[in-house]
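One structure is given below, encoded as structure tokens.
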């Protein structure tokens, strides 16, 4: 899957499709992981890469952070957001915990997140102009970019899971 395009301008229609992708992501993930056996969760998409279980935990961590970044951007005009080291987060013991806990987090957060984003798209002139400063301190990230980024992010990791299974 290609890299996320930070320079693209997103139309309302594309953003609506991204919100739908965010809303539906847990359903797509469930279709892929429900039939798996326990040993399948140890498979990786590449040598040295995260296994399927770790990818699911990463998605939970990342999308919780994404939801909070979205809320900060909308309600607090956040100038920056808290960075986190995804590799360190995914190397701790809880990344070996059963995947169901993180899947349940994804179910809940994606329901709330998609409703929040749909409400924002009702006032695009007001909401989509909001942004935050990326943790690198260089890049301004608009709400539109956040929406598109996390739709892309879920699809990106879902493809990695599918690759690990083939």
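The values are calculated or read from the model by the stated rules, or taken from the named source; none is laboratory data. Everything numeric in this text was worked out from a predicted model, so none of it was measured. Using ideal geometry, Cβ is built from the backbone for each residue, glycine included, and neighbour counts are taken over all protein chains shown.
Name every residue in segment 47-57 that is surrounded by fewer than 15 Cβ atoms within 10 Å (Cβ to Cβ) and in contact (Cβ under 8 Å) with a residue 40 or more places away in the chain, in order of residue number.
49
So that you can scan it fast, the table gives a plain yes or no per residue for (1) buried (at least 19 other Cβ atoms within 10 Å of the Cβ); (2) under 23 Å from residue 163 (Cβ atoms); (3) at pLDDT 95 or above:
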{"site": "31", "(1), (2), (3)": "no, yes, yes"}
{"site": "40", "(1), (2), (3)": "no, yes, yes"}
{"site": "44", "(1), (2), (3)": "no, yes, yes"}
{"site": "59", "(1), (2), (3)": "yes, yes, yes"}
{"site": "63", "(1), (2), (3)": "yes, yes, yes"}
{"site": "88", "(1), (2), (3)": "no, no, no"}
{"site": "93", "(1), (2), (3)": "no, no, no"}
{"site": "98", "(1), (2), (3)": "no, yes, no"}
{"site": "107", "(1), (2), (3)": "no, no, yes"}
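Of everything in segment 30-41, what is over 21 Å from the mean Cα position of the chain (by Cα), assigned to a helix (DSSP H, G or I) and closer than 17 Å to residue 101 by Cβ? Give them in sequence order.
The one that is over 21 Å from the mean Cα position of the chain (by Cα), assigned to a helix (DSSP H, G or I) and closer than 17 Å to residue 101 by Cβ: 38.
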